[in-house]
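The values are calculated or read from the model by the stated rules, or taken from the named source; none is laboratory data. Keep in mind that what you see is a predicted model, and the values were worked out from it rather than measured. Using ideal geometry, Cβ is built from the backbone for each residue, glycine included, and neighbour counts are taken over all protein chains shown.
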Amino acid sequence: MKRYRPQILLLLGAAITMGSTGWELARMHPETAYLVEPWSIRGFESIHGSITFTIGALIFITGLLTSLEFALTPMYSRGIAALMAVGAIGMTLLYGGDERSFGGGVVGLIFAFVGGYIVSKALRPYIPDLPSMARAAINLGILIVASAILYVAFFGTSRSAEPWVWVSVVAILALGLAVTGTHAELSANRMLMFMTVWGGMAIAVSAAASRMNLLAAQLEQSGVAGQYKDTQVTSGYFIALFGMLIAFVGAVSLWASRRDVIINRLRAERQRAAAEASAAEIQAALELAQQHQREARAGK
């Protein structure tokens with residue numbers, strides 16, 4: 001059971017998040033005596049409940065795929081990571097939203113730097129076999145140049161576009177970080193950690209919108225809405241956040257355990273290679289000594 005604890009935590013957290021839509025997301029304060037109907041909304045009655053369920057389902061499905069042993073194959077691991085990025089973009093396309101401005105300023109610099117870092121990591125294997133200082137200088141130059149180009153061409157100016165465009169940018173950057181990281185076998189695990197953080201943030205910032213949904217439902221039902229200050233998020237919202245926290249702990253634990261396995265395997269392979277090389281040297285020395293003995297006997 002202990003061996004599968006990370007997988008259990010990951011899937012349990014995603015399931016808790018999906019199940020949270022059966023609870024209240026927002027309600028009026030009891031002090032209002034519930035004069036305005038409806039006085040509460042459950043997750044399945046709200047668009048934000050649907051979004052929460054979809055986030056949980058996406059993490060559950062991709063978490064299940066990541067938990068399987070075949071996910072430790074570099075090709076499959078990268079494929080699962082790409083599936084997560086496509087899922088995030090598809091979810092944004094599904095639920096839509098108004099155009100948003102993005103880019104420029106500090107945010108643009110951060111995204112340009114992340115993009116430059118991904119480019120430098122991707123090109124690192126192709127840098128000539130030079131002294132370590134020279135390789136580090138070349139890598140730093142690639143990072144600076146790529147970041148500058150991305151900032152000037154894309155992220156330096158604030159632009160307005162639909163949410164799926166910006167989610168696509170974020171998903172592509174996250175995918176780049178995941179697949180260019182150390183040990184390609186862990187690409188899916190890294191992307192899964194990014195997804196749980198993103199999912200938790202998306203749920204966390206939905207508090208205000210959930211309260212507005214309740215006021216909109218009241219206005220539609222009775223023609224009058226309660227005051228915004230009299231609404232509050234409640235159990236469903238916090239259960240969803242708790243589920244994402246559990247899923248994140250499981251994702252990190254799974255990544256750490258698999259990283260240790262890979263590191264130990266590589267260490268064992270290096271030790272075996274060193275032992276084989278040492279044995280070959282000893283065998284060559286013995287054969288040379290035997291040859292000298294034969295030549296000495298022949299000389300007598």
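Within region 190-217, which residues are at pLDDT below 95 and polar (S, T, N, Q)?
S206, S210, N213
Have a look at M195, M191, M244, M201 and point out the one that is free of Cβ contacts under 8 Å to residues at least 24 places away in the same chain and under 30 Å from L173 (Cβ atoms).
None of the others qualify; the one that does is M201.
Inspect region 95-111 for any residue being over 30 Å from I61 (Cα atoms) and among the hydroxyl-bearing types (S, T, Y) and give the result as yes or no.
yes
Which residue is modelled with the highest pLDDT, if the candidates are limited to region 78-103 and must be crowded, with 18+ Cβ neighbours inside 10 Å and touching a Lys or Arg at 6+ places or on another chain (Cβ under 9 Å)?
Of everything passing the filter in region 78-103, A81 is modelled with the highest pLDDT.
So, I263, is that one among the hydrophobic types (A, V, I, L, M, F, W, C), surrounded by 21 or more Cβ atoms within 10 Å (Cβ to Cβ) and assigned to a helix (DSSP H, G or I) or not?
It is false that I263 is among the hydrophobic types (A, V, I, L, M, F, W, C), surrounded by 21 or more Cβ atoms within 10 Å (Cβ to Cβ) and assigned to a helix (DSSP H, G or I).
Let's see how each residue does on (1) touching a Gly at 6+ places or on another chain (Cβ under 8 Å); (2) within 25 Å of F154 (Cβ to Cβ):
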{"site": "A33", "(1), (2)": "no, no"}
{"site": "E37", "(1), (2)": "no, no"}
{"site": "R42", "(1), (2)": "yes, no"}
{"site": "S46", "(1), (2)": "no, no"}
{"site": "T54", "(1), (2)": "no, no"}
{"site": "I59", "(1), (2)": "yes, no"}
{"site": "I80", "(1), (2)": "no, no"}
{"site": "G104", "(1), (2)": "yes, yes"}
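Out of S40, S20, S50, S67, I need the residue that is among the hydroxyl-bearing types (S, T, Y) and at pLDDT 95 or above. Which one?
Checking each option against the conditions leaves just S20.
Report whether or not L143 is out of contact with any strand residue (DSSP E or B) (no Cβ under 6 Å at 6 or more places or on another chain), surrounded by 15 or more Cβ atoms within 10 Å (Cβ to Cβ) and over 28 Å from A81 (Cα atoms).
Here the answer is no, as L143 does not meet what is asked.
Identify, please: which residue in region 224-260 is of a type in the set (V, I, T), in contact with a helix residue (DSSP H, G or I) (Cβ under 8 Å, 6 or more places away or on another chain) and not in a helix (DSSP H, G or I) and is, among those, modelled with the lowest pLDDT?
Filtering region 224-260 for residues that are of a type in the set (V, I, T), in contact with a helix residue (DSSP H, G or I) (Cβ under 8 Å, 6 or more places away or on another chain) and not in a helix (DSSP H, G or I), the one modelled with the lowest pLDDT comes out as V224.
Just to confirm my filter: which strands (runs of 3 or more DSSP E) fall fully inside region 23-104 and include at least 1 residues that are under 19 Å from I172 (Cα atoms) and touching a helix residue (DSSP H, G or I) at 6+ places or on another chain (Cβ under 9 Å)?
Counting at least 1 such residues, we get 100-102.
Residues to consider are L25, L72; find the one that is touching a residue at least 12 places away in the same chain (Cβ under 8 Å) and either touching a strand residue (DSSP E or B) at 6+ places or on another chain (Cβ under 9 Å) or charged (D, E, K, R) (or both).
The match here is L25.
Evaluate region 104-120: report whether one residue or more is more than 24 Å from the chain's Cα centre (by Cα) and exposed (fewer than 14 other Cβ atoms within 10 Å of the Cβ).
yes
All but one of (1) touching a Ser or Thr at 6+ places or on another chain (Cβ under 7 Å); (2) more than 17 Å from T180 (Cβ to Cβ); (3) crowded, with 17+ Cβ neighbours inside 10 Å hold for F44; state the number of the condition that does not hold.
(3)
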